[in-house]
Amino acid sequence: MANVSRINGFNPVKHVNGSPYNGQANVYAHSSSDSTALFVGDVVKLAADGNAQGIQYVTAATAGTAGTGAAAVGVVVGVINTKLDPITGKMTNGSIALDTPQYVPASVEQYLLVADATDVIYEVEATTAGASYSFAVADIGLNANLYAGAGSTATGNSAYSLDCADKATTATLPFKIVGTSQKVGNEPTGAATKVLVQLNNSQFKGGTGTVGV
């Protein structure tokens, strides 16, 4: 049975030692001067500074060019409503619309949660720059780029995927393919395969990854 394409970003599933991912994340901030919106499942990198509370800013990670990739810090796993301040413990007046998709709009100061542990394994759809890609088991062990698709403000879903058009052994590519998702209904080869990857080029590990095999 053919896989169904459901591109929704990078989703943490476990750690390298096999233990499950249980939602661990750190608080970061998005700057009001950042004109790029962020969605759950988007890959982010450290920005140049932090906010007035001393919280590090992050911004959208970008795909590399000519077979290379920029370092990243992790993946967005949650968005904190603008009425809530997790640092000071304060809440502004007014109600929170619980049925509104949660994402970080462009040019808005907002807190978000990022899975930044360097040993997290993520599930993501393999594509060719966001389009259909026929995954092969020979791709396992290679490094690949990310494709920064534009998320949906209607659903709050990320449109990031793994760009296998740039697959190579190049050490600076941001993700290493470690296998395919073993969940029911995921064919390991063919189009729309959900693959398992690890952040290869982490800003917390020197910003240079290891070569693929």
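The values are calculated or read from the model by the stated rules, or taken from the named source; none is laboratory data. The shown structure was predicted, so the numbers you read here are calculated from the model rather than taken from an experiment. Here the Cβ is made from the backbone with ideal geometry for all residues, glycine too, and neighbour counts use every protein chain on show. Remember, those area values only see protein heavy atoms, side chains included, never the ligands or the DNA or RNA. Shrake-Rupley method; radii C 1.70, N 1.55, O 1.52, S 1.80 Å.
Values computed for the structure shown
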read-out: Filter result (in contact with a strand residue (DSSP E or B) (Cβ under 7 Å, 6 or more places away or on another chain), modelled with pLDDT under 95 and over 16 Å from TYR160 (Cα atoms)) within region 56-70; value: GLY67
read-out: Scope region 119-161; condition in a strand (DSSP E or B) and either of a type in the set (Asp, Glu) or free of Cβ contacts under 8 Å to residues at least 60 places away in the same chain (or both); matching residues; value: GLU123, GLU125, THR128, ALA131, SER134, ALA144
read-out: Filter result (closer than 20 Å to GLY41 by Cα and assigned to a strand (DSSP E or B)) within region 182-207; value: LYS194, VAL195, LEU196, VAL197, GLN198, LEU199, SER202
read-out: Subset of region 127-160 that is crowded, with 24+ Cβ neighbours inside 10 Å and among the hydrophobic types (A, V, I, L, M, F, W, C) - its residue that is farthest from VAL77 (Cα to Cα); value: PHE135
read-out: Answer residue from region 1-36, given it is within 20 Å of GLY185 (Cβ to Cβ) and small (Gly, Ala, Ser) and is least open to solvent (accessible area, probe 1.4 Å) among those; value: GLY9
read-out: Options ALA71, ALA61, ALA115: the member that is in contact with a helix residue (DSSP H, G or I) (Cβ under 7 Å, 6 or more places away or on another chain), within 30 Å of ALA171 (Cβ to Cβ), crowded, with 21+ Cβ neighbours inside 10 Å and of a type outside the set (Asp, Glu); value: ALA71
read-out: Looking only at region 161-188, and only at residues there that are of a type in the set (A, V, I, L, M) and under 16 Å from ALA71 (Cβ atoms), the one that is surrounded by the most Cβ atoms within 10 Å (Cβ to Cβ); value: LEU173
read-out: Segments classed as strands (runs of 3 or more DSSP E), wholly inside region 1-93, with at least 3 members that are of a type in the set (A, V, I, L, M); value: 43-50, 74-79
